[in-house]
Structure formats: C-alpha cells, structure tokens
Amino acid sequence: DRRVAKADAVRAAAAQAVACICCAADRNDTPNTEPMGLLLSLEFMLDRILESTTSPGLRLTLALLMMDACTGKICSLQRVGSFAGQGRLCGQGARFTNGPLGSSCGGDNGSSILLTVADSTLPAANAVNDGARRGLRALKDTCKEGINQTQARVARFASRLWRTMNGEAVTSGASPSNAGGICAHDSQLRCQLVALWQWIWPRHCYQVMRSQSWHAVEGTPQYYAMGMDQVIKTTVEERDAAALDDQALTELGKAVEDEIDKQKWRGEMASEAYSNCKKEDMTVVGQPLPLVKKDEAWRLGGWVASTSQQRRTQGADGGSAVTKIRLLVSKSTGTA
C-alpha cells in the first residue's frame, strides 16, 4: 500500500495548481466580495496533510506550498518534486533554494534568479500573487466590526492548524482526540506549520480571539450555526500552565528583547557611521555604505535588484555612476 515517489510528486503538483487557481480567482478587487481563494487553498492542503494515507515527505511538501502561497512564490510552471527526509543532497539543496517543487521564486518561467513579477512579462504569477495578497489581508483582519461567517471560518481553520502543529489528533468533532497527531513525532512538519502560523498571525489571530467570546453562549442554535463549537477553548488548567510557562521563560524573553534592541542599535550606528563619513568626505576603501531604501523594486520582491540599482545610482558599488552621455565633436580643419 506504500505510495511511490512519482505519485507524491503528482499530488504535490496538483495541490500547487489548485492553490494557483484559487488565488488567481481573487486577482480583481471586486466590491462586496470576500477573497476566499487563499483560505480555500490552505484548507485544502491542510486536509491533505491530515489524511492518514499521506506520506511524511508529501506532508512537509504541502506545508511548504502553504507557505509559498502566503509569500508570493506559489506560481511556477516547472514541476520538479523534491521531498524531505530522503537524504539526497541535490534534492534538498534544490528545495532550499527554489521551493518544494523547483523554481518558484515569484515567477512562472522556472527561473530561480528572477525575484520580481510584472503584469506584462509574468501575467500568471502576477494574477496569483494579487489574489494571494488580498486573501492574506483577509486572514489578518482585526474583526473590529464583529464576527461574520467568513471570519468564523478563518477561526475554525486557525484552530485546526493550531491543534495540528501542537501534536493533537485533529478530528471532525468539536474536541481533539487524546491520541497523538501527525506532528507528535514529526519535528520538521511542526516547525514548518509554526512558521506558517507566525507568518500569517505574527501577534494574535483576532478571529480566534473574537470567536472565543461566543463560548459564553454555548448551547444556543446560533452558536452551532456559526461553527463556534470547532474553535479552540482555553480551560482554567491551560491558563494556569501558560502562566507558569511565562514565569519560567521571563529571563529568556528579556534576553530576546535585549538582542532585538542590540540589532536596532547596530542599524542606527550603521546609518550614523555613513553620515559621519559623508561629512568628512572620505573616499578610502572600506567606507560605510548608505542604508537601502524600500523602493518599488524592493516591494515587489526584487531585493537584490533594488540594492544593486541604488548602489549603482549612488556610485557606491565600485563602478561608475553614469547618468548622462555627451558627445563632443571637435572642429574640422579641412585638411587630410
């Protein structure tokens, strides 16, 4: 009953195609229409991850595709499957550089160097990424106007994702099973799902927080109609355990905050060093470089191109910053 690697590659490519189609359906900003394509594709791939017949390699690949869909790298016409856990250096290196299915760095021509997407040159990737961005904004909604059906659906998906990455066996019922889930003994899959959670909800999932207030009216018809029985609950024991964990990790939190402040200070010192160097008009080798601005190319994902363009314009890359070319013609004497 063991599935062969080719079948896993086909299933992963099909999941990538489903995600592209779902995200591209939301490419236009239609009034009074909820962008549900990204959420639908994430739910689809999470269902496939939770299937008992899915291999560990395919599960990790689907989790990577979920991250690619949220970071604008899901659209690619190149279908090259490379799965984790097989111990092949070339395959794992290709996955680290280009994504789980080959080159998928925002383009649809199979180039791993291309980092920008334009509507005129890469229309498919541009349409998919536009829809994914709209869907990602819907997932990050703060729910200031209350909970509707769409936000309740996001809360249910977030609850399933949270239970899965915490090693619980997710079932179709309201409460998880006591048996261990797929992440109970798969650290790679758990790390990938945690990274996905942190990318979508870096601070809080407001849909879950708003939905948890509905637990006060548990048992009413509207409570079950909204599907709030499938949203995670926080018991008194869990709150006490969380308080003990926070107390135990206080020193670690202080160390992390100190390191963040140190990195901010280093960035400020780099800017100050360039300002001082510019005042003294120093042209020695090894002088500080100016900070890179987040221009249009940077926002499109072309970080390398943005940095090189700014460095060349400023003449800080060691080359010549040519802005104008003037042709000088000397007077002819008329003699041979």
Amide H contacts under 5 Å for residue 168, placed H, 5+ residues apart | 181
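For residue 198 and residue 52, what is the calculated FRET efficiency with R₀ set at 25 Å and r taken between the beta-carbons, to the nearest 0.05? Please list the in-between numbers first.
On the way: r = 27 Å, r/R0 = 1.09.
Rounded to the nearest 0.05, the efficiency is 0.35.
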Using the beta-carbon distance between residue 140 and residue 277 and R0 = 45 Å, what value does 1/(1 + (r/R0)^6) give for FRET efficiency, to the nearest 0.05?
-> 0.65
Tell me the label-point distance for the pair residue 213, residue 249, using the 7 Å Cα-to-Cβ offset, in nm and rounded to one decimal.
-> 2.6 nm
For segment 1-74, using Cα atoms only, the Rg and Dmax in Å read 13.5, 48
Per-selection Kirkwood Rh - segment 196-300 (Cα, Å, 1 d.p.) | 19.4 Å
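Sort segment 130-275 into rounded, prolate or oblate with this rule: let a ≥ b ≥ c be the square roots of the eigenvalues of the Cα gyration tensor; rounded if a/c is under 1.5, and if a/c is not under 1.5, prolate when a/b is larger than b/c, oblate otherwise.
On the way: a/c = 1.99, a/b = 1.57, b/c = 1.27.
Since a/c reaches 1.5 and a/b is larger than b/c, the shape of segment 130-275 is classed as prolate.
Residue 263 to residue 18: FRET efficiency via 1/(1 + (r/R0)^6), r the Cβ-Cβ distance, R0 35 Å, to the nearest 0.05? Write out the running numbers ahead of the final one.
On the way: r = 39 Å, r/R0 = 1.12.
With a Förster radius of 35 Å, E is 0.35.
Every number here is computed from the coordinates shown, using simple stated rules; none is lab data. Nothing here was measured: the structure is a model prediction, and the numbers come from that model. Every residue, glycine among them, receives a Cβ derived from its backbone with ideal geometry; neighbour counts consider all protein chains shown.
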